[in-house]
Amino acid sequence: DVDVVKQVNRTTNTLDLITSYKANIGRRNLKFQYIHNASESRRIDPSSSNIIDLYMLTRSYNDDYRLYLAGALPAEPVAPDSDSLRISFGTNLANIKSLSDEIIYHSVKYKVLFGSKADAKLQATFKVVKNPNRTINDNDLKVRVITAINSFFDITNWDFGDRFYMSELTTYILNTVAPDLANIVIVPKQSTQVFGSLFEIQSKSDEILISGATVNDVEIVTAITSSEIGANINSVVSTTY
């Protein structure tokens, strides 16, 4: 019956009056129903339990990068960052992902092969042998070889983490340029590398292989010899005692 609020005093172990609060008798014997529904933009568990790494290649960046390799753009284009990818694609993906999913956006990393814009250890020269029974201009043959290489590295033929095999490329070039081409090999430009070191190249899970080769990386030779490919042949002499 006292219209006051009291607080326990731990020192004296008594109830002290708190005049800043007022107690009022409320209603009783009420029946109510409590329903808790989380909205679409909120989740009951605030932590994401499923992290999804999404690797993306935008068409505009792909087109610009190929123009850069061809010399049409002076500077290497900058890949879109995670925030710009989220802004461009996050709204549509949010409608189909689960509430516990968290999407991390990653842009593609191009791994350039062969040309001067590639890493030094990946630069190479294509040495080709013309068909002696055919009459063809050297410059025209170089252009056709580069066209075949670019077609082989078309974006529709590659995915993240793919492995490059030189045997597949040489077969494709020979079939495309036939019958004007007799033979072709790839020779590393770096002096510390040996012939065959670029016959197999693995890309990472966030990389796509692309060719940076130009006509300057194609050399017409009369034959594929040890001197042309830079192979050192050591003679072994067997002596019987």
So what does Leu209 come to for accessible area, using a 1.4 Å probe and Å² rounded to 10? 0 Å²
At 1.4 Å probe size, put Glu200, Glu219, Glu207 in order of accessible surface, largest to smallest. Glu200, Glu219, Glu207
Labelled set (1) 133; (2) 363; (3) 154; volume of the Cα convex hull per residue in Å³ computed from this model equals the value at (2)
Near the amide H of Asp101, under 5 Å away, which other amide H atoms are found, from residues 5 or more places off or on another chain, if H is placed in the peptide plane? none
For Lys22, give me every one of the aspartates and glutamates with a C-alpha distance below 17 angstrom, ignoring sequence neighbours fewer than eight places off in its own chain. Asp1, Asp3
With every protein chain in place, what's the accessible area of Ser151 (1.4 Å probe, Å², nearest 10)? 50 Å²
Of the accessible area of the chain, computed with a 1.4 Å probe and all protein chains kept, carbon and sulfur make up a percent value of 49 percent
What lysines could a cross-link reach from Lys109, if we take a straight Cα to Cα line under 18 Å and drop same-chain neighbours fewer than 8 places away? Lys117, Lys121, Lys204
About the Cα centre, and with charges only on the beta carbon of Lys, Arg (+1) and Asp, Glu (-1), how big is the dipole of the chain? Nearest 20 debye, please. 780 debye
Extreme residue, positive dipole direction of the chain, given options Gly26, Ile224, Phe195 (C-beta unit charges): Gly26
Full extension between Asn95 and Asp162 adds, at 0.36 nm per residue less the Cα distance, a length in nm of 21.1 nm
Under a crude label model (7 Å from the Cα following the beta-carbon direction), how far is Glu219 from Phe195 in nanometres? 1.2 nm
Amide N of region 114-138 lying under 11 Å from the label point, which is placed 7 angstrom from the Cα of Asn183 along Cα→Cβ: 128-130
How far apart, in nm, are two points set 7 Å out from the Cα along the Cα-to-Cβ line at Arg134 and at Ser226? 3.0 nm
Heavy atoms only, 1.4 Å probe, whole protein assembly: order Val128, Val4 by accessible area, highest first. Val4, Val128
What accessible area, in Å² to the nearest ten, does a 1.4 Å probe give for Asp53? 80 Å²
Hey, what's the chain come to in accessible area per residue, 1.4 Å probe, Å²? 70 Å²
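The values are calculated or read from the model by the stated rules, or taken from the named source; none is laboratory data. Bear in mind that the values here come from a model prediction, so they are computed numbers and not experimental data. Cβ sites come from the backbone with ideal geometry, for glycine too, and all protein chains shown count toward neighbours. Ligands, DNA and RNA are stripped out before the accessible areas are found, and what is left, the full protein with its side chains, is counted by its heavy atoms. Shrake-Rupley method; radii C 1.70, N 1.55, O 1.52, S 1.80 Å.
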